[in-house]
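Asker: Below is the structure I would like to discuss, written out as structure tokens.
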Amino acid sequence: MQIINLLSDTGTKPTPEMLKAMMAAEVGDDVFREDPTVNALEEKCAALVGHEAALFCPSGTMTNQIALKVHTRPLDEVICDEMSHIYQYEVGGYAYNSGIGVNLIRTENGILNADLVQAAVKPRFDWLPKSSLVVVENTCNKGGGSTYTLDTIKGIREVCKSNGLALHLDGARLFNALVESGDHPADFGAQVDSISICLSKGLGAPVGSVLTGNRNFIAEARRVRKVMGGGMRQAGYLAAAGIYALDHHVERLKVDHAHARKLATALGQLAYTANIRPVQTNIVIFDLVKPAVPPHFLEYLKSNGVSASAFGPQTIRFVTHLDVSAEMINRAIEILKTYSAAGNKSQP
Ligand SMILES: *Cc1c(COP(=O)(O)O)cnc(C)c1O
């Protein structure tokens with residue numbers, strides 16, 4: 001049975017064309033900056049977002065953690081949404097790697113605005129953590145793939161400027177946001193000090209993320225990457241996948257978004273679903289109506305070849321990506337229609 005993977009857009013495998021590009025890559029030792037393909041990827045990403053420099057890293061957790069480290073000093077704090085990846089899913093690395101705290105803002109969908117950030121900035125007293133960095137996440141994973149408008153980012157930028165704060169964009173899925181809004185990556189680049197971009201999500205590369213920023217920032221980031229053990233050698237084979245992804249897999253993200261909307265529409269017609277979050281990109285988050293519960297529902301999907309994950313006690317997440325075809329979406333919808341919580345003997 002061919003598995004329909006709605007679990008995550010991290011699970012994509014290289015296409016035959018991407019593999020060909022990887023195998024043809026010219027490589028060298030990137031710790032000595034002698035890998036021409038890594039250098040090409042970094043130059044390409046920097047140019048794309050209008051920043052001076054970029055750094056190829058093994059993961060988006062590493063690019064975010066490096067950004068936190070370079071933008072802050074111990075005893076500082078980072079202002080971010082309570083849903084943000086740096087808070088939820090990076091093992092508390094902000095404290096471990098950088099000795100900083102978090103100042104969490106609660107929102108409906110993980111999208112901050114200027115007023116919320118301004119209200120969170122702490123005054124400068126000896127006994128308070130020092131607010132020094134704001135992190136915005138576009139799209140916001142836990143927020144259901146929610147997106148920022150450029151105007152909202154501009155407003156946050158103004159608050160950062162007037163309070164002397166740096167601004168980092170966790171753009172793990174930045175291109176999902178951009179293909180919907182029609183903005184250019186450099187429009188966002190101009191408003192932030194650094195961006196983390198995942199090549200290994202919807203863009204379809206097997207491994208890798210890129211951090212962008214100004215020359216000094218990236219020079220320091222390179223040192224932090226090394227101490228974290230992220231200095232890779234002939235990494236050009238991986239960078240080639242990233243270059244291929246940026247050249248061929250950006251526009252097609254719209255297809256994933258259409259698939260996500262189609263899933264959401266179908267879910268809306270089923271009696272056992274509720275509170276389907278607005279679908280802005282490639283993530284669908286919804287609640288199950290009891291007696292339906294995630295373990296039973298997910299087990300049923302799994303037995304029919306569909307993988308997905310729980311995102312809370314009554315909540316399910318579906319993610320679409322380039323390894324989920326239109327035909328697979330139709331099949332998944334047919335399977336969803338046949339689910340009944342009645343078979344769940346463990347529930348009253
Ligand atoms: C996936 C993701 C990351 C990075 O995750 P890695 O698995 O470490 O590459 C960072 N931020 C967001 C919002 C993500 O979804």
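The values are calculated or read from the model by the stated rules, or taken from the named source; none is laboratory data. Quantities reported herein were computed from a predicted structural model and do not represent experimental measurements. With ideal geometry, Cβ positions are generated from the backbone for all residues, glycine too; neighbour counts draw on all protein chains shown. Side chains included, ligands, DNA and RNA excluded: accessible areas come from the protein's heavy atoms. Shrake-Rupley method; radii C 1.70, N 1.55, O 1.52, S 1.80 Å.
Asker: Which of the residues spanning region 16-26 are assigned to a loop (DSSP other than H, G, I, E, B) and open to solvent by 30 Å² or more (accessible area, probe 1.4 Å)? Walk me through it before giving the result.
Answerer: At the first step, the residues of region 16-26 found to be assigned to a loop (DSSP other than H, G, I, E, B) are 24-26.
Those that are assigned to a loop (DSSP other than H, G, I, E, B) and open to solvent by 30 Å² or more (accessible area, probe 1.4 Å): Ala24, Glu26.
Asker: Pick from Thr147, Thr152: which is within 13 Å of the ligand (Cβ to nearest atom) and either within 29 Å of Ile276 (Cβ to Cβ) or not small (Gly, Ala, Ser) (or both)? Show your work before the answer.
Answerer: On the way: Thr152 fails: within 13 Å of the ligand (Cβ to nearest atom).
That would be Thr147, the only listed residue that is within 13 Å of the ligand (Cβ to nearest atom) and either within 29 Å of Ile276 (Cβ to Cβ) or not small (Gly, Ala, Ser) (or both).
Asker: Exactly one of (1) open to solvent by 20 Å² or more (accessible area, probe 1.4 Å); (2) modelled with pLDDT of 95 or more is unmet by Cys80. Its number?
Answerer: (1)
Asker: Select from region 86-100 the residues that are open to solvent by 40 Å² or more (accessible area, probe 1.4 Å) and assigned to a helix (DSSP H, G or I) and write down the one among them that is farthest from the ligand (Cβ to nearest atom). Break it down into steps so the answer makes sense when it comes.
Answerer: Here is the first cut: in region 86-100, the ones open to solvent by 40 Å² or more (accessible area, probe 1.4 Å) are 87-89, 91, 95-97.
Now narrow it down to the ones that are assigned to a helix (DSSP H, G or I): 87-88, 95-97.
Numbers: Tyr87: 11, Gln88: 9, Ala95: 17, Tyr96: 15, Asn97: 13 Å.
Checking each candidate, the answer is Ala95.
Asker: Something else: So for region 187-195 (the condition being in contact with a Phe, Trp or Tyr (Cβ under 8 Å, 6 or more places away or on another chain), more than 30 Å from Leu6 (Cβ to Cβ) and not in a strand (DSSP E or B)), does at least one residue qualify?
Answerer: yes
Asker: Identify all residues within region 205-216 that are in contact with an Asp or Glu (Cβ under 9 Å, 6 or more places away or on another chain) and open to solvent by 10 Å² or more (accessible area, probe 1.4 Å); write none if there are none. Quick ask: steps written out before the conclusion?
Answerer: Residues of region 205-216 that are in contact with an Asp or Glu (Cβ under 9 Å, 6 or more places away or on another chain), as a first pass: 210, 212-216.
Answer for region 205-216, where residues must be in contact with an Asp or Glu (Cβ under 9 Å, 6 or more places away or on another chain) and open to solvent by 10 Å² or more (accessible area, probe 1.4 Å): Asn214, Arg215, Asn216.
Asker: Here's a follow-up. Enumerate the strands (runs of 3 or more DSSP E) found wholly within region 256-324, keeping only those where 2 or more residues are in contact (Cβ under 8 Å) with a residue 40 or more places away in the chain and closer than 30 Å to Tyr244 by Cβ.
Answerer: Details: elements: 283-288, 309-312, 315-319.
Fully inside region 256-324 and qualifying: 283-288, 315-319.
Asker: Then there is this: Since Val159 meets every condition but one in (1) within 16 Å of the ligand (Cβ to nearest atom); (2) touching a helix residue (DSSP H, G or I) at 6+ places or on another chain (Cβ under 8 Å), which condition does it not meet?
Answerer: It is condition (1) that Val159 fails.
Asker: Same structure again: Taking the options Ala239, Ala235, Ala310, Ala219, name whichever one is among the hydrophobic types (A, V, I, L, M, F, W, C), farther than 28 Å from Gln2 by Cβ and open to solvent by 30 Å² or more (accessible area, probe 1.4 Å).
Answerer: Values: Ala239 fails: open to solvent by 30 Å² or more (accessible area, probe 1.4 Å); Ala235 fails: open to solvent by 30 Å² or more (accessible area, probe 1.4 Å); Ala310 fails: farther than 28 Å from Gln2 by Cβ.
Exactly one residue qualifies, and that residue is Ala219.
Asker: Does Asn176 qualify as being more than 16 Å from the ligand (Cβ to nearest atom) and either surrounded by 17 or more Cβ atoms within 10 Å (Cβ to Cβ) or modelled with pLDDT of 95 or more (or both)? Explain how you work it out, then say what you get.
Answerer: Numbers: more than 16 Å from the ligand (Cβ to nearest atom): no; either surrounded by 17 or more Cβ atoms within 10 Å (Cβ to Cβ) or modelled with pLDDT of 95 or more (or both): yes.
So Asn176 does not fit the description; no.
Asker: Here is a further query. Somewhere in region 114-132, is a residue within 15 Å of the ligand (Cβ to nearest atom) and either closer than 19 Å to Asp193 by Cα or assigned to a helix (DSSP H, G or I) (or both)? First the steps, then the outcome.
Answerer: Just the residues of region 114-132 that are within 15 Å of the ligand (Cβ to nearest atom), to begin with: none.
So far as region 114-132 goes, no, none of its residues is within 15 Å of the ligand (Cβ to nearest atom) and either closer than 19 Å to Asp193 by Cα or assigned to a helix (DSSP H, G or I) (or both).
Asker: Counting only residues that are over 13 Å from Thr212 (Cα atoms) and buried (at least 19 other Cβ atoms within 10 Å of the Cβ), which one in region 28-57 is nearest to the chain's Cα centre (by Cα)?
Answerer: Val38
Asker: Does region 150-167 contain at least one residue that is touching a residue at least 40 places away in the same chain (Cβ under 8 Å), surrounded by 21 or more Cβ atoms within 10 Å (Cβ to Cβ) and of a type in the set (Ser, Thr, Tyr)?
Answerer: no
Asker: Could you figure out which of (1) among the basic types (Lys, Arg); (2) part of a helix (DSSP H, G or I); (3) within 14 Å of the ligand (Cβ to nearest atom); (4) open to solvent by 10 Å² or more (accessible area, probe 1.4 Å) isn't true of Arg225?
Answerer: (4)
Asker: Any idea how many residues of region 1-60 are among the hydroxyl-bearing types (Ser, Thr, Tyr) and free of Cβ contacts under 8 Å to residues at least 40 places away in the same chain? Step through it out loud before you land on a result.
Answerer: If we filter region 1-60 for residues that are among the hydroxyl-bearing types (Ser, Thr, Tyr), which is where we start, we get 8, 10, 12, 15, 37, 59.
Okay, now just the ones that are also free of Cβ contacts under 8 Å to residues at least 40 places away in the same chain, so none.
Selection size over region 1-60: 0.
Asker: Go through Lys130, Lys69, Lys154 for me and flag whichever is of a type in the set (Lys, Arg) and more than 28 Å from Leu178 (Cβ to Cβ). Give the derivation first.
Answerer: On the way: Lys69 fails: more than 28 Å from Leu178 (Cβ to Cβ); Lys154 fails: more than 28 Å from Leu178 (Cβ to Cβ).
After applying the criteria, what remains is Lys130.
Asker: Quick check: is even one residue across region 192-204 away from the ligand (no atom under 16 Å from the Cβ) and either open to solvent by 40 Å² or more (accessible area, probe 1.4 Å) or of a type in the set (Asp, Glu) (or both)?
Answerer: Kept after step one, since they are away from the ligand (no atom under 16 Å from the Cβ), are these residues of region 192-204: 193.
So of that shortlist, the ones also either open to solvent by 40 Å² or more (accessible area, probe 1.4 Å) or of a type in the set (Asp, Glu) (or both) come out as 193.
Yes; the residues of region 192-204 include at least one that is away from the ligand (no atom under 16 Å from the Cβ) and either open to solvent by 40 Å² or more (accessible area, probe 1.4 Å) or of a type in the set (Asp, Glu) (or both).
Asker: Moving to a separate point now. Given the residues Asn103, Asn109, Asn64, which is the only one that is in contact (Cβ under 8 Å) with a residue 12 or more places away in the chain, within 16 Å of the ligand (Cβ to nearest atom) and either assigned to a helix (DSSP H, G or I) or open to solvent by less than 40 Å² (accessible area, probe 1.4 Å) (or both)?
Answerer: Numbers: Asn103 fails: within 16 Å of the ligand (Cβ to nearest atom); Asn109 fails: either assigned to a helix (DSSP H, G or I) or open to solvent by less than 40 Å² (accessible area, probe 1.4 Å) (or both).
Step by step, each of Asn103, Asn109, Asn64 is checked, and only Asn64 is in contact (Cβ under 8 Å) with a residue 12 or more places away in the chain, within 16 Å of the ligand (Cβ to nearest atom) and either assigned to a helix (DSSP H, G or I) or open to solvent by less than 40 Å² (accessible area, probe 1.4 Å) (or both).
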